[in-house]
Amino acid sequence: MSIFDPTSFIRQHREVPAVCCVCGHTVSLRDRDEATDGALLDSTFLDDYRLELLLLDRASALFARFPDSRHALKVGHEQLQPKLFPRTSCDPDFEAALAADPPLSKFLRRSMFHLPSLRKGVMESIEQLSKRDFSTIRCPVCADGVLRLQIGWLLPAL
Ligand SMILES: [Zn+2]
């Protein structure tokens, strides 16, 4: 069994696809040094965490709209020990609201996690990574944004 190592993975590629988190400008980066690759990895993780937080916030908002729902997807993500709570798979109103947000539906069905714990962890990771200096990988076009690896290049997209 091998553990995926992002640092050696990016170092193996002479050319990597990058995109600006703000304006969407795409660029192919080549002949990078280790420091640049380190910054690129961190900016990618940071942006992925931000995208994940958007989904987690939408999940929280959806669950808050149905405080009395015992839908298995809701109970499964709200309780540390969901099996101790009554659950149902029949809740047409909740199902309809979930169906209105296909990316959220896919995200919730694909993985089990305790929403409050994951949300806290993601927010802490964002806070940590935000302190990093990304000045070497500023977007050459808008100058406001930071480059990240193209979504899905390093890890499967959410
Ligand atoms: Zn930009």
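The values are calculated or read from the model by the stated rules, or taken from the named source; none is laboratory data. Computed from a prediction, not measured in an experiment: that's the story for all the values here. All Cβ positions, glycine included, derive from the backbone under ideal geometry; neighbour counts span all protein chains shown.
If you scan region 116-158, which residues turn out to be farther than 30 Å from residue 82 by Cβ, outside any loop (DSSP other than H, G, I, E, B) and among the β-branched types (Val, Ile, Thr)?
136, 137, 146
When residues of region 94-115 are filtered for being among the aliphatic types (A, V, I, L, M) and part of a loop (DSSP other than H, G, I, E, B), how many remain?
Residues that pass the stated criteria total 2.
Scan 148, 110, 132 and give me the residue that is of a type outside the set (Ser, Thr, Tyr), more than 16 Å from the ligand (Cβ to nearest atom) and modelled with pLDDT of 95 or more.
132
For region 131-158, name all the residues that are touching a helix residue (DSSP H, G or I) at 6+ places or on another chain (Cβ under 7 Å) and of a type in the set (S, T, N, Q).
Once the filter is applied, which keeps residues that are touching a helix residue (DSSP H, G or I) at 6+ places or on another chain (Cβ under 7 Å) and of a type in the set (S, T, N, Q), region 131-158 yields only 136.
Quick one: is residue 28 in contact with an Asp or Glu (Cβ under 8 Å, 6 or more places away or on another chain), small (Gly, Ala, Ser) and within 16 Å of the ligand (Cβ to nearest atom)?
Numbers: in contact with an Asp or Glu (Cβ under 8 Å, 6 or more places away or on another chain): yes; small (Gly, Ala, Ser): yes; within 16 Å of the ligand (Cβ to nearest atom): yes.
Here the answer is yes, as residue 28 does meet what is asked.
Any residue at all in region 31-42 that's away from the ligand (no atom under 16 Å from the Cβ), surrounded by 12 or more Cβ atoms within 10 Å (Cβ to Cβ), among the charged types (D, E, K, R) and closer than 30 Å to residue 112 by Cα?
Taking region 31-42 first, the residues away from the ligand (no atom under 16 Å from the Cβ) are 31-38, 41-42.
Checking which are surrounded by 12 or more Cβ atoms within 10 Å (Cβ to Cβ) leaves us with 32, 36-38, 41-42.
Now narrow it down to the ones that are among the charged types (D, E, K, R): 32, 37, 42.
Cutting the leftovers down to closer than 30 Å to residue 112 by Cα gives us 42.
Among the residues of region 31-42, at least one is away from the ligand (no atom under 16 Å from the Cβ), surrounded by 12 or more Cβ atoms within 10 Å (Cβ to Cβ), among the charged types (D, E, K, R) and closer than 30 Å to residue 112 by Cα, which makes the answer yes.
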